[in-house]
Amino acid sequence: MRTGTRVELGLFDVTAKGDSAASSTDAQPWGNLAEDLRLEERPPQPKYGTLEHKQFLLDGSFTLFPDAPQGRFWGLWSKQQSGPDGRFAVPPVLEVTFSQPHSSAGITLHFYAPTQDWASEVDIQWYSAAGQLLASARFRPDAPDYYCRRKVENYQKLRITFSATSKPGRYLKLDGLDYGAALMFQGEDVVQANLLEEVDALSNEISINTLELTLFNRNGEFSSLNPDGVFDVLQDKQRLTVWEDVRPSARSNDVVSHNMGTFYLSDWKNPSDTLARFSATDAVGLLDGDPFDGGIYDTTAGKLAAEILNGYAYELAPELAAESVKGYLPAGSRRGALQQLAFALGAVVDCSRSDKIKIYPPPERPSSLIPHSRKFTGGEASLRALITGVSVTAHQYHLQNEREQLYKSDLAEGTHRIALSDPADNLQAEGGALLEWGNNFAVVKVTAPGQVILTGCRYADTKTVLHRQADGLPPNAKVNEKTVQEATLVSPDRADAVAQRMLRYYANRCELSFQMVAGDEALADMLIVESFGRENVRGQLERMEFDLTGGYLADVKLVGRQVPHPADIYTGELHAGEEVLL
């Protein structure tokens, strides 16, 4: 088996597109230029037939241009066509302004790919906030997607002039532009790539998958000492996508590409003049640094997940979305809020091998067998501590009728955000204007320095403690109880299900660690593993660590229990349509 690693690094200014305001006097009036060029993901464009020169081939591949083009995605379509020589009599101009300064290693232009039309001569000018010309360059694109490489820092305006088209008698059609480029690294350029994936089947916490990547700094572009390099325009949260290409044998030309996930840059450095080292986390890592206001909830899991993950790509299992959720979320991070929701639902949260946050019930049936032939070592087996019982505190929140003083302090003139120590409702302010409020906060505008008093009605938390003991305990077992006290979305109607789920999980005491040839197995999968001798263990995959440049191998951890008899594997464990054990 031969393997190779590919990495796509999105070298973009990650805030520029959302801060942009595009305009052009040469744009067709039925387009929505400003909104279309702000989209992070461009929708696919139909292959429209027009009256442009030799454009509408009668081969059945074209779609008639709509009679009412308003309300569709267009980008920038110019009012005029280029001449017989492909040049515009009056070149269309696009201007993009920003409220904040931005820096990028260049501009990527996306033209109209369905008919392979692009601008063949483009001039770009970068300006400062004061209108000073910072840089100017001419580019000659030769494809629908073209990277105009020019590093410019602290610009607040772009002026892009399109002088000619790749084919005569055509409109300018610009689908979008990115402030940077996607760079691909593979082969010897990828010196080291280590990937760690972890999951907690109970969602006691939501793990963050990490990527450690070292690239060969071939042209010095990632050197912190190179003034023409890109090191100083690297930004936090820039996107990296990783693939592992596997060729089953040296004689085979077939290559299977495994998407190993999408990550976001968190740290970068130069360990030497020839190497660049990057650290990145998955989307859960982004959630960890994103604040969430929280509040009191009586809603569905689908609506609450949408509120917590607003702005993030995610998938919520349909069977979970309709479940009722009641309780409280304190102010904190979106990661913390999602953990509370997942724990209450009995869901797994995972980002591995994906660019989305996935929320789903952990699988209960085995999906595959890990035989001795896929294991490099017998590995290690250990026994986790015996859990004799669980104690779950359920929470029920009631709004009190009495109005209380929630906050009192002298504040200076200005706008202040006040964090509340306990959840409250029906807020009122004295000494300032209440601009915004929630169950955990209030925003007050003070026009003259002085005392500000907040009053409101607090929520009382009625707590019920539920105890459950594990079944089949050995005589004289030492008491070792797991306690859950701060799961504030666990309402009384959920407490027993949470306790039973915990007891089932902690009954799986056998922990296996070994190295294997990786396959299609993913975190939280239920697997059967051939262990020592003729013993088999049925359990969930909780950890996978890859050295991608060292082969498609994974150090894994699985937690489960021994299958007492070989026949039990066939009876009630693996079912029709699943892998057959031989």
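Quick one: grab the alpha carbon gyration tensor of the chain, order the square roots of its eigenvalues as a ≥ b ≥ c, and give me rounded if a/c is under 1.5, else prolate or oblate depending on whether a/b is larger than b/c. Cα axes put the chain in the oblate bin.
For V490, neighbours were defined as the other residues whose beta-carbon sits under 15 Å from its Cβ, and their charges (Lys and Arg +1, Asp and Glu -1) total 0.
Placing dummy labels 7 Å off each Cα toward the beta-carbon, the span from S391 to Q192 is 4.6 nm.
Here the range 143-169 is scanned for amide nitrogen atoms under 12 Å from the site 7 Å beyond the Cα of D228 along Cα-to-Cβ, giving 150-151. Note on T464 and R365: their simple-model spin labels are 3.4 nm apart, each label 7 Å out from Cα toward Cβ.
Which residues in the range 482-507 have a backbone N closer than 14 Å to a point placed 7 Å from the Cα of D471 along the Cα-to-Cβ line? Inside the label zone: 500-507.
Note on E402 and N154: with the Förster distance fixed at 60 Å, the Cβ-Cβ geometry gives a FRET efficiency of about 0.65. Can you list the residues of the range 262-298 with backbone N under 19 Å from a point 7 Å past the Cα of F216, pointing along Cα to Cβ? Counting only backbone N, you get 270-278. Against the chain, whose longest principal axis comes from its Cα atoms, helix 334-345 is set at around 40 degrees. Entry note: the range 168-281 has Rg to Rh equal to 1.08, where both radii use alpha-carbon atoms and Rh is the Kirkwood radius.
For R140 and E315, a Förster radius of 56 Å and the Cβ-Cβ distance give a FRET efficiency of 0.85, rounded to the nearest 0.05.
Rounded to the nearest 20, the size of the Cβ-charge dipole of the range 35-194 about its Cα centre is 460 debye, with Lys and Arg at +1 and Asp and Glu at -1. The 3J(HN,Hα) values that the Karplus relation (6.51, -1.76, 1.60; θ = phi - 60°) gives for the range 52-61 are, in residue order, 5, 4, 6, 9, 8, 7, 8, 10, x, 8 Hz. Gly and Pro appear as x. Take the convex hull of the alpha carbons in the range 160-220; its mean projected area over all directions comes to 9.3 nm². For the chain, take the longest principal axis of its alpha carbons; what is the angle in degrees between that and the long axis of helix 492-506, to the nearest 10 within 0 to 90? The two axes meet at around 80 degrees.
Expressed as a whole percent, the proportion of Cα-Cα pairs in the range 419-512 lying more than 20 Å apart is 59%.
Annotation for the range 179-212 versus the range 377-401: alpha-carbon center distance of 29 Å.
Taking 0.36 nm per residue of sequence separation and removing the Cα-Cα distance, the Q500/T97 pair yields an extension gain of 139.3 nm. Note: the range 43-136, Cα convex hull, 158 Å³ per residue.
Taking a threshold of 27 Å on the Cα-Cα distance, which of the pairs K356/K557; K237/K557; K54/K79 fall above it?
Checking Cα-Cα distances, K237/K557 exceed 27 Å.
Specify whether the C-alpha gyration tensor of the range 279-437 places it in the rounded, prolate or oblate class, a ≥ b ≥ c being the square roots of the eigenvalues: rounded for a/c under 1.5, otherwise prolate if a/b is larger than b/c and oblate if not. Taking the square roots of the gyration eigenvalues as a ≥ b ≥ c, the range 279-437 is prolate.
Oblate is the label for the range 124-194. Its Cα gyration tensor axes, ordered a ≥ b ≥ c, give a/c of at least 1.5 and b/c at or above a/b.
Carbon and sulfur together cover what percent of the accessible area of the chain at a 1.4 Å probe radius? About 48 percent, which is the carbon plus sulfur part of the accessible surface. Label-point separation (nm) for L275 and V90, each offset 7 Å from Cα along Cα-to-Cβ? Output for this residue pair reads 5.8 nm.
Summed over the residues of the chain and divided among them, the accessible surface reaches 48 Å² per residue at a probe radius of 1.4 Å. Available extension along the chain between K237 and T15 is 78.9 nm, counting 0.36 nm per residue and deducting the alpha carbon span.
Can you compute the FRET efficiency between A322 and D290 using 1/(1 + (r/R0)^6), with r the Cβ-Cβ distance and R0 = 25 Å? Round to the nearest 0.05. It comes to 0.45. Packing here is the average count of other Cβ atoms within 10 Å per residue, and on that basis the peptides 306-315, 63-72, 430-439, highest first, run 430-439, 306-315, 63-72.
Estimated purely from DSSP H runs of n ≥ 4, each contributing -39500 (n - 2.57), the mean residue ellipticity at 222 nm for the chain is -2500 deg cm²/dmol once divided by its residues.
The values are calculated or read from the model by the stated rules, or taken from the named source; none is laboratory data. No experiment lies behind these values; they were computed from the predicted model shown. Methodologically, a virtual Cβ is constructed for each residue, glycine included, from the backbone with ideal geometry; neighbour enumeration extends over all protein chains shown. Just so you know, the surface numbers come from the protein's heavy atoms only, side chains and all, with ligands and any DNA or RNA stripped out. Shrake-Rupley method; radii C 1.70, N 1.55, O 1.52, S 1.80 Å.
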